[in-house]
Structures are given as C-alpha cells and as structure tokens.
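The values are calculated or read from the model by the stated rules, or taken from the named source; none is laboratory data. Remember, it's a predicted structure, so these values are computed and weren't measured experimentally. Ideal geometry is used to build each Cβ from the backbone, glycine not excepted, and the neighbour counts take in all protein chains shown. For accessibility, only protein heavy atoms count, side chains too; no ligands or nucleic acids. Shrake-Rupley method; radii C 1.70, N 1.55, O 1.52, S 1.80 Å.
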Amino acid sequence: MILWNVLGLFFSCSSQEQPHVELMKGRYGNQPIYQAEVPNHWIKLEQASDLSDTRMPIATYKIGDGLLTVHNFPYASFEERIPPEAQIQRWKKQFPKGIHDISSVAHGGFGGFRLETEEMIGYAMQLSPLIFKALHPSEIDKRADYTIKFVGPVVDYRHEVDLFAISFEWTTPLLYERL
Amino acid sequence: MLVGGVFVKTHYGLQGHIQLLEGTASDDLIHPHVPALSIEQKFPSLIQSVPLEQVKIVEYFPHAEENYQPLHPLEEWIAYDRGFQGYTVQVPDEIALQTALKAHLDQNLPISPPLELMRHSADQILPYLKAWHEAGTWLFDQPYSRVDWEKVPESTQNALFWIAEIFDEDHFIKRLEDKKWPLLESLKTLPREEQYALWMAQIYTIKDQLPSFEKKTSPRMLSAYLRLYGIHYSIIPKPLKEMPLTHTIIPKSAPFKKEERTPAITIDFKGEKISLLFNSPLKWPSKGGNFLFRFQPHREKIPYLIRLHQAVNIKQPGSDQTASYECTLTLIDKRTGNKTPCFLSMNKPYETMDGYRFYLAGMGKVDTYGVKSVQLVINRDPAKMLLTYPGGFLVTLGTLLLFFKKKDTKG
C-alpha cells in the first residue's frame, strides 16, 4: 500500500503543469522580441492585426476565468517615457476595492512595480535608462516599457502569473559592451 | 606535482571578471591588472589594417591623471558619432551669452541706452539680468555699481524715478485707482504684465509734463529703464555653443593609495602623438576618426556567453543589512549552443564540466527602479584535477603515514 502511494507520487500528473517558453512579437516588425514561460493550460487568444495603437495588447491569455494581457509602450525619445508609478495609480483607480499591495520589482533590465488587489495583479516595468540609451532609435520595440495585467481569481493563479512575469524578457539579450 | 600545478595555473590558467547588467549578456573576460592598447578601425574593409610597427609607445607614466580642458567646468560631454568625430562639451547659456555680449561691446557697436549705462561693468550685466530674472519681480531692487545717470536726459530720469516710486506690483490697480490714474480703464482689460508695460509706456509718453524731483535716484530706475527697452533675461535668445574638448596627461609622483596609481602612455601613431590614461571611459579618435585608441584592461573571450536574468539583494529581516546576494544566469556554450541555467549566491560558485568556475563577487543598483549590475569572477585551473589535487592528496597521505612509521631501533 505504501509502495503504491509512493509510486503514485512519482507518476501522478501535477495540477500545475510544466510551462513552455513562448515567443511574442512587439508592435513593429515580424521578429519575436519577448519570451516568457507560459503554463500549458493557458490559452493564447488571437491578436489584432494592427498593433500600432498601444491600447491593443501584444499578447492575451485566457487563464480559467481570468484574462492576462501584455502591453508594450515604445517611445521615440527618453523624455516621453511614462513612469511606472503612473500606471500603478491608474490601476488603483480602476480597482479601488480592498487592499493594494505594491512592491518594487526588477529583472531582465526592467525595473518597476507590482500591484496586487483582490481582483488583479499588475506589473508596470520600465527599461533601465542605461540600456535605453544604448539602443539605437530604430530598435523602437526593444526600447519599449511593458505592463502585464491579470484580471481574475488572484488567489488561484498568483503563482503562475508571477512566474510568467519574472520570466518575461527579451529573446536576445543586449551585449554588455554596448553600454 | 603541487609545484607543477601552480606553474600550469600561472601560465595557462585564467582569472578575471565580467560585468553584467540585468538583461544583458557578455563573454568578455576582463583582466583588471593587465594593461593593453586597444585599436579599433571604423571601416576595417576599406582602410588598410594598421601594422603594429606603426604604433610606438613614446612615454610611459606609472602614475598619472587625466586633465580635460574645455572653456569652463564640464557639464555634459557630447560625442559625435560615438566619438569618431571627437568630443565636445556643451557650454551653459550664460557663458555663450557673455561671450556674445563681450564681443559686441569690444567692437564698439551701438547698444541700447540702458546697456550703455552698464557698459563700464560689462561683466556684471549678465549676472544682474539673471539675478533679476530669478527674483521674479517686474522691477528689481538690487543696485548696479556706479550708474552715471547724468548721461540720461533729465526728462527720462524723471519718468524713471516716478515709475520706480509709484509702481507697486502687489497692489498695482488699487494704487492707480487711489491715485486716480486717468488711463486706468485701458489697463484693466489686459493681462498683468501687459498692464505694467503699457502703464510704463504711458508714463514715459508724458515724461515732459511730469513734476521734477530733487536729484533722487532709486535702484529700481535701472530695471525700469531696461523694461522700457524690452530688455529682460527671459526674452534674450539663448545661443547654444559647444567647445571642443582637449585633454592632456599629467604625470604624478606615486600616490599613497593603490587605487590612485593610474598608469598612462603616450603613443606615436603615424606621426600623431596620443596620450591615454589607463581605463579612461573614452576611446580617442585619430586620423579623422578612422582609428580609435584606448588604454584599457586586457580582455579575453571565454567560450561561454553569460546572460544575467535577475540579481537579488536579500536583506536581514527588519533591517537594511544584506543577508545574501543571489543571481540567476544562463550559460550559453558558444561551442555547442547548449544553454544551462545556473544560480549563484554568496559562497556558492558554479563550475562547468570543463573547469570554468563562476563566483558572484559584487552587486550594485544602477537606477531608481532597482535594476542591478553584478560582477562575476571567473577562473579556470586546467591542471587542478591532474596535478594540484593529486599532489595535495599525496602530501596529505605522506604526512599521515609519518605517524605510523616505526622507530628506527638500530642500536
């Protein structure tokens, strides 16, 4: 009996499936810019054909009863950039109910804030100024800031959303010598 | 075997560090104490390669500092085309303006009457205008040295005196109402600063009918005079000027601190002398920017491209003291394309199968949102398993066996 239980532990399917790496395009061009670890049970929804409007997400996933959207915001110049605090304030107004847990996060060359409420988790991330200035203006998609927003049952999918967000990065890194 | 292991490590081993920022990758190992001269060609396929004989080291200074000579203290460097055309510094508005004003005065070109009164202390004109602008008032109370009002027609002096005496910025309209100013209605409809300007013009128009005063002067008269001629710091167009940057190397006697002992060299490249300080951040152009020189730590490529994903500084609970540094990396073997995720933390290095060891040596924050940089120390000892460890084992075994050696009983 004990042996079957132990074997069951080794061979049972986990409810949290192993994620796979998925590539995502930016707003311009056909080459993928971003990659992230996406759990297998997430369903990717079709993108709009024209992504030049920054209100359109560059990726959308259906996760159970919730929806996760990824937006990026390319900027032509350094001064145009909107700080992550502004995104966080906007989300706080959209989801005023309950406690707002805000923490600072940084990874993959981006830094910003994570907001969690009863109904949503949001990451507002800005590219480090050092890296922004090292990129050529023609690399406009790479110079973009991004947001990841999940609206749905936060308690059920918090861990998966956080893993997706922490793994979200460029497909090809910038060489340090370019800084 | 131990000595052999040390010899092999010294001559064939590897030790250096790599700098990374989150989101970046590098395979460039830096040997910080090994100086090297870096020569880059802008268009390698179009320009003949540089034979090494054409680069001669003319002078070497074990201790030196770099000296930059712009017209005035640096604010920001501008490098054209990544330095290929040279470097300049952007001069602040005041210096450019002062230079233009001085050039105008030196040529004895006609200037407006209020500035003519200030000509004797020409270097004070701009500071006065700037201080007035910063005060934010319509008229300025600060006196200007030795203004000779005798040069100004008496009726103009009269008008300026009455303007200076009557004008009250805080209660402008009320004061004029109390004084029953006849042209008040035409002023009330205008924005504030236009009210002031129009009223001053009205006073100036009737200057010959104004009662005269007993040779009094007021500090505000000068600013009133400047206002009548529309001279104010805020409306002067600010020219943009850039000064070419030149630099020299200054040899120094040996400083006490090791970190201040910066070496420098002077090289002769095809007849052009170039002085370079060790590890200076800039590459210096030569031959119209076609060649770039830098005196820098020796760099070497390693067979792994290291990508830094995230660096974390874990604090002690309830305090700002650091408990641990950690980072997540991916090592990409350039020879096979294999990607290996790895995790480094304090006192926990990572070693590849071919003997490259990666240590997390330092971490720092580079911007306000917490993006971090890390320094990795990398070393490789090719003879570690063949000579050094077996040699150490034999020495240890021999030492232990000494305790079991029987005493010599030869009598």
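Would you kindly calculate the translational diffusion coefficient of region B:183-336, applying Stokes-Einstein with the Kirkwood radius from alpha carbon pairs, for 4 °C and a viscosity of 1.567 mPa s, and quote it in µm² s⁻¹ without decimals?
Taking Rh from Cα pairs, D becomes 51 µm²/s.
Restricting to DSSP H runs of at least four residues, report the calculated mean residue ellipticity at 222 nm for chain A, -39500 (n - 2.57) per run over all residues, nearest 500 deg cm²/dmol.
-7000 deg cm²/dmol
With a 1.4 Å probe on protein heavy atoms only, work out how much accessible surface B and A bury together, total over both chains, in Å² to the nearest 100.
Buried surface at the B/A interface: approximately 1800 Å².
Hey, could you grab the Kirkwood Rh for the protein assembly as shown? Inverse mean 1/r over distinct alpha carbon pairs, Å, one decimal.
31.7 Å
For chain A, with equal point scatterers placed on the C-alpha atoms only and solvent neglected, what are the log10 I(q)/I(0) values from the Debye formula at q = 0.20 1/Å, to two decimals?
With no solvent term, the Cα-only Debye profile gives -1.46.
Say the cut-off is 30 Å between C-alpha atoms; which of B:K283/B:K365; B:K301/B:K348; B:K9/B:K405; B:K315/B:K384; B:K270/B:K334; B:K257/B:K283 go over it?
Correct reply: B:K9/B:K405; B:K315/B:K384; B:K270/B:K334.
Which one, A:T147, B:T399, A:I102, projects farthest toward the positive side of the charge dipole computed for the protein assembly as shown from Cβ point charges (K/R +1, D/E -1)?
B:T399
Along the three principal axes, how long is region B:297-355 when you take its alpha carbons, biggest first, rounded to the nearest angstrom?
Answer, in whole Å and largest first: 46, 29, 20 Å.
I need the trypsin sites (Lys or Arg not before Pro) found in region B:187-230, filtered to DSSP loop residues with at most 13 other beta carbons within 10 Å of theirs.
Sites meeting the loop and neighbour criteria: B:K215, B:K216.
Near B:K188, which lysines are there with a Cα under 30 Å away, not counting those fewer than 8 places off in the same chain?
B:K130, B:K174, B:K179, B:K180, B:K207
Could you tell me the distance between the Cα centroids of region B:296-373 and region A:32-55, to the nearest Å?
Between the Cα centre of region B:296-373 and that of region A:32-55, the gap is 30 Å.
Enumerate the whole-percent occupancy of each 5 Å bin, from 0 to the last occupied one, for all C-alpha pair distances of region A:23-64.
5, 21, 29, 26, 14, 6, 0
At what distance in angstrom do the alpha carbon centres of region B:132-184 and region A:67-134 lie from each other?
If we compute the Cα centre of each part, the gap is 53 Å.
Just counting partner chain Cβ atoms within 10 Å, what average do the residues of peptide A:129-139 show around their Cβ?
Rounded to a whole number, the mean comes out at 2.
Select from region B:352-371 all residues whose loss of accessible area on going from the chain by itself to the full protein assembly reaches 20 Å² or more (probe 1.4 Å).
B:V366, B:D367, B:Y369, B:V371
Out of the total accessible area of region A:9-123 (probe 1.4 Å, heavy atoms of protein only), what percent is carbon and sulfur?
55 percent
For chain A, what's the relative contact order in percent, using C-alpha pairs closer than 8 Å and at least 6 residues apart?
22 percent
Over the Cα atoms of region B:154-237, each weighted equally, I'd like the Debye log10 I(q)/I(0) at q = 0.14, 0.16, 0.20, 0.27 Å⁻¹, rounded to two decimals.
Results for region B:154-237 at q = 0.14, 0.16, 0.20, 0.27 Å⁻¹ read -0.48, -0.63, -0.97, -1.50.
Taking the solvent-accessible surface of protein heavy atoms with a 1.4 Å probe, what is the per residue accessible area of the protein assembly as shown in Å²?
Here the per-residue accessible area is 57 Å².
For B:G271, what is the net charge nearby, where nearby means another residue's Cβ is under 13 Å from its Cβ and Lys, Arg count +1, Asp, Glu -1?
So the surrounding residues net to +2.
List the chymotrypsin sites (Phe, Trp or Tyr not before Pro) within region B:256-351 that DSSP assigns to loop and that have no more than 13 neighbouring Cβ atoms inside 10 Å.
Here the sparse-neighbourhood loop sites are B:F256.
Within region A:125-156, report the trypsin sites (Lys or Arg not before Pro) that DSSP leaves as loop and that have at most 16 other Cβ atoms within 10 Å.
Sparse-neighbourhood loop trypsin sites (Lys or Arg not before Pro): none present.
Carbon-plus-sulfur fraction of the accessible area of region B:244-380, 1.4 Å probe, in percent?
52 percent
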